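Right, one structure below, let's go through it.
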2 protein chains.
Amino acid sequence: MDPLDKLTGSRIEKPQTAADHVATTLREAIVKGSVAAGTALRQDDLASRFSISRMPIRDALRILEAEGLVSIHPTRGAFVAKMDTTEIREIFTIRVLLEVEALRLAFPKLSRDVLDQADHALNRIDEERDVSRWGILNLAFHMALYRECRNARLLTLIEAQHNAADRYVRVLLSDAEFHTRSDTEHRAILNACNQNNEALALQLLAKHLNDGCQKLIKSLK
Amino acid sequence: MDPLDKLTGSRIEKPQTAADHVATTLREAIVKGSVAAGTALRQDDLASRFSISRMPIRDALRILEAEGLVSIHPTRGAFVAKMDTTEIREIFTIRVLLEVEALRLAFPKLSRDVLDQADHALNRIDEERDVSRWGILNLAFHMALYRECRNARLLTLIEAQHNAADRYVRVLLSDAEFHTRSDTEHRAILNACNQNNEALALQLLAKHLNDGCQKLIKSLK
DNA sequence: ACTTGTATCCTTGTATACGAGTATCCCTCG
DNA sequence: CGAGGGATACTCGTATACAAGGATACAAGT
């Protein structure tokens, strides 16, 4: 086998298109909470703000719609997806399902390397003062544990659901108690992995997600 | 609260846009197998075939990309997603997960009405001579059992994964033995539901999906 | 003969322009 | 004074047009 295959295989370079740029920027803004749920996203308004035409904007909105962050009504426009407890419950039901399975599949393959990556992500959360970056680091921690499940499709779904949930979670981050408890739970999960205790790790992960869901719902009413 | 909200809420009428039309047509063609996996989907080629411009085509391709039926490489174009055993395994792992959970959630709420709908779908499969319609009817049977899970997001994911799998399943339909066995398994699941035997129904469903996956993989090599 | 450079073509990404549908506001009528 | 109807403005969906990037074929040099 050609030794260069590793390079081409691992790094599938996708030329960053304008639509992608808009999508990531908008995604961050929505997840971050800087645009309220229900806000109308006018195409030519966005176009002028980004100093581009409406076409890439349309593409970006379609991308975000697929991720569940915005909903598009033909002839009426795009809106930041609503924030209701029903959807939160739906998302977290799915997340528990997907993520527990991902960890279960990945567990036998967990190496020192990925566990270190997960640990590194947790440490960076502690050091990070910019609240808006916690979401990404949180995702990095979880994904590090799941990556070895060797199911690209599953990982894609998990990431999408995580993003959909993250903008809700955001409102809790100012709550210091929530943050420290989340950190404690993260480290407990990682410990279970280090001790090769699969059943415990899965149970802790499910509890971690369910608790977050309950906390979130409580904070919204 | 306005009593009319119920109407507007339940029936969200989406004016069928050209992009949607193209998406459904293309989806059927891909699932049906009339366009081979890996085929390049040229935008202006499709545009001339549908006698419209490239813009709705682009939108349609994005929709299908989100469903996992095509993959888009910037500056290179869109291609019908590849058909390999790896992806089949990935899809069915996810399907088992999602569908078993959906049935579990729906089980306590299963009514005579929905069970009749499921039964009706099975009878229509037997009567249907047009092989290309079996996929839709098969989906109808499964979705009837899951609908009452009351998780719209979960149902959307299930439908997407089903579509992604269906075009592989298609190659097996000519196999009469596969078809009769699938029918037997379907009726067994429905029976378990009718007898209110949840554990059995879930087990049969998981087996039904896993067996289909194995059969599929075997037929491809 | 194989590699490398180049020119052409092809395809996509983006911009601008136009038509259609919807919502809003105001005017008129009861 | 309130309700209904019509005109206007706004927004989206679609078409056409242009620009940029990559792929391919061919030619030249080693």
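The values are calculated or read from the model by the stated rules, or taken from the named source; none is laboratory data. This one's a predicted model, so the numbers in the text were calculated from it and none came from an experiment. Quick reminder, even Gly has a Cβ in these numbers, built from the backbone with ideal geometry, and neighbours come from all protein chains shown. Remember, those area values only see protein heavy atoms, side chains included, never the ligands or the DNA or RNA. Shrake-Rupley method; radii C 1.70, N 1.55, O 1.52, S 1.80 Å.
Out of the residues in segment A:41-65 meeting the condition of being touching a strand residue (DSSP E or B) at 6+ places or on another chain (Cβ under 8 Å) and part of a helix (DSSP H, G or I), tell me which one is farthest from DNA strand D (Cβ to nearest atom).
Within segment A:41-65, the match that is farthest from DNA strand D (Cβ to nearest atom) is A:LEU64.
When segment A:19-32 is examined, which residues are found to be open to solvent by less than 50 Å² (accessible area, probe 1.4 Å) and either in contact (Cβ under 8 Å) with a residue 12 or more places away in the chain or over 22 Å from the mean Cα position of the chain (by Cα) (or both)?
Answer for segment A:19-32, where residues must be open to solvent by less than 50 Å² (accessible area, probe 1.4 Å) and either in contact (Cβ under 8 Å) with a residue 12 or more places away in the chain or over 22 Å from the mean Cα position of the chain (by Cα) (or both): A:ALA19, A:ASP20, A:VAL22, A:ALA23, A:LEU26, A:ARG27, A:ILE30, A:VAL31.
From A:GLY33, A:GLY68, grab the single residue that is more than 16 Å from DNA strand D (Cβ to nearest atom) and facing another protein chain (nearest Cβ under 10 Å).
Result of the check over A:GLY33, A:GLY68: A:GLY68.
Any residue in segment A:72-86 that is more than 9 Å from chain B (Cβ to nearest Cβ) and part of a helix (DSSP H, G or I) sitting within a Cβ distance under 8 Å of a residue that is more than 6 Å from DNA strand D (Cβ to nearest atom) and open to solvent by 50 Å² or more (accessible area, probe 1.4 Å)? List the pairs, counting only those 6 or more apart or interchain.
Qualifying pairs under 8 Å: A:THR85/A:LEU220; A:THR85/A:LYS221.
Just one of (1) within 16 Å of the chain's Cα centre (by Cα); (2) in the same structural domain as A:MET55 (by TED's automatic domain parsing) trips up A:ILE72, so point out which.
All conditions pass for A:ILE72, except number (1).
Which ranges mark the helices (runs of 4 or more DSSP H) fully within segment B:90-194 that have 2 or more residues being of a type in the set (Asp, Glu), more than 14 Å from chain A (Cβ to nearest Cβ) and open to solvent by 10 Å² or more (accessible area, probe 1.4 Å)?
B:112-127, B:176-194
Given the structure, is B:PHE79 of a type in the set (Phe, Trp, Tyr) and out of contact with any helix residue (DSSP H, G or I) (no Cβ under 7 Å at 6 or more places or on another chain)?
The answer is yes for B:PHE79.
What pairs can you find where one residue is in segment A:113-126 and farther than 21 Å from A:ALA176 by Cα, the other is among the small types (Gly, Ala, Ser), and their Cβ atoms are less than 7 Å apart, with a gap of 6+ or different chains?
A:VAL114/A:ALA144; A:GLN117/A:ALA144; A:ALA118/A:ALA144
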